[in-house]
1. Which lysines have a Cα lying under 21 Å from the Cα of Lys47, excluding residues fewer than 8 positions away in the same chain?
2. How far is it, in nm, from the label point at Val124 to the one at Leu413 when both lie 7 Å from their Cα along the line to the Cβ?
3. Taking chymotrypsin sites (Phe, Trp or Tyr not before Pro) as candidate sites, keep only those in a DSSP loop with at most 13 other Cβ atoms within 10 Å, then name the longest stretch of the chain containing none of them.
4. On the accessible surface of the chain, probed at 1.4 Å, how many percent belong to carbon and sulfur atoms?
5. For the residue pair Thr255 and Arg46, what label-to-label distance in nm results when each label sits 7 Å from Cα along the Cα-to-beta-carbon direction?
6. Considering just Cα atoms, how many Å³ per residue does the convex hull of segment 102-218 enclose?
7. Just want the answer: with Cβ charges of +1 for Lys and Arg and -1 for Asp and Glu, which residue in Val321, Phe292, Leu366 is farthest toward the dipole's positive end in segment 261-374?
8. Could you tell me the accessible area of Thr184 in Å² (1.4 Å probe, neighbours in place), rounded to the nearest ten?
Amino acid sequence: MAARAQNFVCQSCGAASARWSGRCDACGAWNTLVEEGVGAKPRSSRKGRLFAVEPLKGEAHEAPRLGCGIAEFDRVTGGGLVRGSVLLLGGDPGIGKSTLLIEVAAAFARGQHRTVYISGEEAVAQVRLRAERLGLGDATVEVAAETSVEDIVATLSHGTTPRLLVIDSIQTMWTQTVEAAPGTVTQVRGSAAELIRFAKRTGAAVVLVGHVTKDGQIAGPRVVEHMVDAVLSFEGEGSHQFRILRAIKNRFGPTDEIGVFEMTGTGLREVPNPSELFLSERDLGSPGTAVFAGIEGTRPLLVEIQALVAPTTLGTPRRAVVGWDPSRLSMVLAVLEAHCGIRLSGHDVYLNVAGGLRIQEPAADLAAAAALVSSLARAPLPADAVYFGEVSLSGAVRPVAQTAARLKEAQKLGFAKAIAPEPARAEAPDGLSISTIGTLASLVADIARDGAPPLRRVGRQEA
Ligand code: TYD
Ligand code: MG
């Protein structure tokens, strides 16, 4: 008798067996055996289609881009919107997404490109009212209040293809191709897929607005993030006028650039020199603040780091941080304890980056440490000094990238002094004095020299 073919295959581990059973003998998984017809005749005799493979080396075309002239927006997108690309703009409700996009649309329209703004949330009159308030009442943007993706695609397939199509917002759109209710993940995904197809087919750049949930995710459409070419997020603190546009994903550009805007009574104003803005409300002469010379993308950015170290009444002291990585704060605190003789277990620690900015660079370690020590010692830091440098677990202060750009920005904004790791000395521009720092302990000793007890004692021991 011929051996029977083993044609039941476990979908979990791939083991084959001749008989079906509820549990795979090889891996123990239940209900994973599926008959796969091993050795059966192929269902069709279709031969594979031949396609050409090409060498990687060859002529590459720069993605055709279209800038809108709003420099902060163009920088974040990597030099303008790419034809046929789809961009998702996420942000909290009320942060200014619609305001930004009507301004971008108006700027595009000014360049004689057909621009269409579809609102699923507001009536045409409301959109018009906002545009008028922004002084864009006469922009040649075409506006409609629509939510059916099929209707939108059908309408825009007539006449000149728009160069820019804004959909505000993707959560309000619905498509007949899926049966789910509007606003559900399935609808959002279906509608986005439909609009992406429209963009690829016609070459129009499409911008989708996406709402963000409380936990910071673009609601429902995490899936949409994978489908689109770029994801931007529009951020800001309610109490501040600053708005930061940040690229989270970009198939055609960098993801470390930020664009800075200020929300005014007449719309968003570009902020070409954000350092000035972030430093405009400094408390000069109070302890616990240090100016950090940072880099965001290609741009240097000076920002104030504020710390408060206060005796705790709790069993477990509080560690709260806004705008910086909490695990980096823990690390800096641990280094201060282990290598600088500072006891912080009886203190609450609060750290804040001024202006609602979020810093990701390790180069901020030194400025954060300086602010913390200054607060603990009640010793104000020099008002005309900037700080940067990465702190290692051994307590050494390490050099960071783009030292020259940081120093130049500090000098431009009228700072006289930089406290930074060694290589800074060689790169210093004229008129800026450099105080190089090798270890965190020596920074602590410097600050403690003019501080209040108990740190003065610590400082003297270390010095
Ligand atoms: P909006 O663009 O409607 O936010 P989103 O689309 O992200 O929900 O912006 C709404 C907020 O912006 C609202 O609180 C008022 C404020 N705003 C201004 O301060 N100045 C302006 O010129 C405009 C149009 C809005
Ligand atoms: Mg809106």
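1. Within the straight-line limit of under 21 Å, Lys47 reaches no lysines at all.
2. Simple spin-label model gives 4.7 nm for this pair.
3. 52-463
4. 52
5. It works out to 3.6 nm between the two label points.
6. 110
7. It is Val321.
8. Solvent-accessible area, nearest 10 Å²: 50 Å².
The values are calculated or read from the model by the stated rules, or taken from the named source; none is laboratory data. If you're wondering where the values come from, they're calculated on a predicted model, not measured in any experiment. We place every Cβ from the backbone using ideal geometry, glycine too, and count neighbours over all the protein chains shown. Note: accessible area is taken over every heavy atom of the protein model, side chains too, but ligands, DNA and RNA are not part of it. Shrake-Rupley method; radii C 1.70, N 1.55, O 1.52, S 1.80 Å.
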